[in-house]
Amino acid sequence: MKELKVTDKHKVDREQFREQARALCGKIREYPRDEFKRMGILGDWDHPYLTMDPQYEKVIVETFKDLEKKGYVYRGKKPSIVHNR
């Protein structure tokens, strides 16, 4: 938001915001990875888990659609509490 110089979140172009967020994530993800390696933390560093990855986003959307079809997604003012007895 600061880089876009916008104070009202409703006036932000969503595509532009997502592009800039993706670029920022690409820049800052190097630091934690390098620190984790330095500390000896094991991981698949050549294939990191990135929430901004289009494949990851696709799975999220597909899962949301599935939950919606099953009736778990609704619009309301408060979450409803379901008790399974």
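Could you list, in sequence order, all residues of region 38-66 that are of a type outside the set (Ser, Thr, Tyr) and either open to solvent by 100 Å² or more (accessible area, probe 1.4 Å) or in contact with a Cys (Cβ under 9 Å, 6 or more places away or on another chain) (or both)? Lay out the reasoning, then the answer.
First, pick out the residues of region 38-66 that are of a type outside the set (Ser, Thr, Tyr): 38-48, 50, 52-55, 57-62, 64-66.
Answer for region 38-66, where residues must be of a type outside the set (Ser, Thr, Tyr) and either open to solvent by 100 Å² or more (accessible area, probe 1.4 Å) or in contact with a Cys (Cβ under 9 Å, 6 or more places away or on another chain) (or both): Arg38, Met39, Leu42, Asp46, His47, Leu50, Met52, Gln55, Lys58, Phe64, Lys65.
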Of all residues making up region 2-44, the number that are touching a Phe, Trp or Tyr at 6+ places or on another chain (Cβ under 8 Å) and part of a loop (DSSP other than H, G, I, E, B): 2
Among the residues of region 1-21, write down those that are closer than 23 Å to Pro54 by Cα, at pLDDT 80 or above and either open to solvent by 100 Å² or more (accessible area, probe 1.4 Å) or not polar (S, T, N, Q) (or both). Val12, Asp13, Arg14, Glu15, Phe17, Arg18, Glu19, Ala21
Among the residues of region 67-82 satisfying the criterion of being in a loop (DSSP other than H, G, I, E, B) and modelled with pLDDT of 85 or more, which is most open to solvent (accessible area, probe 1.4 Å)? Tyr72
Could you check, for region 52-61, whether at least one of its residues is modelled with pLDDT of 85 or more and part of a loop (DSSP other than H, G, I, E, B)? no
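The values are calculated or read from the model by the stated rules, or taken from the named source; none is laboratory data. Quick caveat, the model's predicted, so the values are computed rather than measured. Because the Cβ atoms are built from the backbone with ideal geometry, glycine has one as well, and the counts that use them run over all protein chains shown. Heads up: the accessible areas ignore ligands, DNA and RNA and are worked out on the full protein's heavy atoms, side chains in. Shrake-Rupley method; radii C 1.70, N 1.55, O 1.52, S 1.80 Å.
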